[in-house]
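Right, one structure below, let's go through it.
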Amino acid sequence: QVQLDESGGGLVQAGGSLRLSCAASARPSFIYAMAWFRQSPGKEREFVAAIRWGGTRTYYSDSVKGRFTISRDNAKNTVWLQMNSLKPQDTGVYYCAADSSRLSMRDEYDYWGQGTQVTVSS
């Protein structure tokens, strides 16, 4: 089993920055990929970014590309999401996800965090 603990959400003005973190309680070899998803009010959960645990390649949705950066620290079992140039439409609950066998842009990951609220005011 993998437990994911997210932190770093909050309220920020448009144009500002936030950094989300997700700590995974699992053996590093158990995780294949980690990702961030978000769910805005009245919308379905959507893919934001993903990274393979054993590599450096990253994946982003078009809506955040160039503004958000996903990174990881294997030694700390932690993945981060640096969010810059935030927009009101980035508002939502951000979820960390992990999978032991695949990287996907669909919300079909095996393990999920509890979510952290990000609110961007205009």
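The values are calculated or read from the model by the stated rules, or taken from the named source; none is laboratory data. The model shown is predicted, which means the values in this text are computed figures rather than measured ones. Glycine also receives a Cβ, built like all others from the backbone with ideal geometry; neighbour counts cover every protein chain displayed. Just the protein is used for accessible areas: all its heavy atoms, side chains included, with ligands, DNA and RNA removed. Shrake-Rupley method; radii C 1.70, N 1.55, O 1.52, S 1.80 Å.
Points to keep in mind about this one:
- Across the chain, Cα pairs under 8 Å and at least six residues apart give a relative contact order of 36 percent.
- The base-10 log of I(q)/I(0) for the chain, evaluated at q = 0.14, 0.23 Å⁻¹, reads -0.51, -1.39 [Debye formula, identical scatterers on Cα atoms, solvent excluded].
- Here the accessible area is traced with a 1.4 Å probe on the protein chains. For segment 25-122, carbon and sulfur cover 45 percent of it.
- The chain, accessible area per residue, ligands and nucleic acids excluded (1.4 Å, Å²): 51
- About the Cα centre, charge dipole magnitude for the chain (Lys/Arg +1, Asp/Glu -1 at Cβ), debye: 320
- Here the extension length gained between Arg19 and Lys65 equals 15.0 nm, from 0.36 nm per residue of separation less the Cα-Cα distance.
- On a per residue basis, the convex hull of the C-alpha atoms belonging to segment 14-54 measures out at 109 Å³.
- Length released on extending from Asn74 to Gln39, taking residue separation times 0.36 nm less the Cα-Cα span: 9.9 nm
- Reachable lysines from Lys87, criterion Cα separation under 27 angstrom, eight or more residues apart if same chain: Lys43, Lys65
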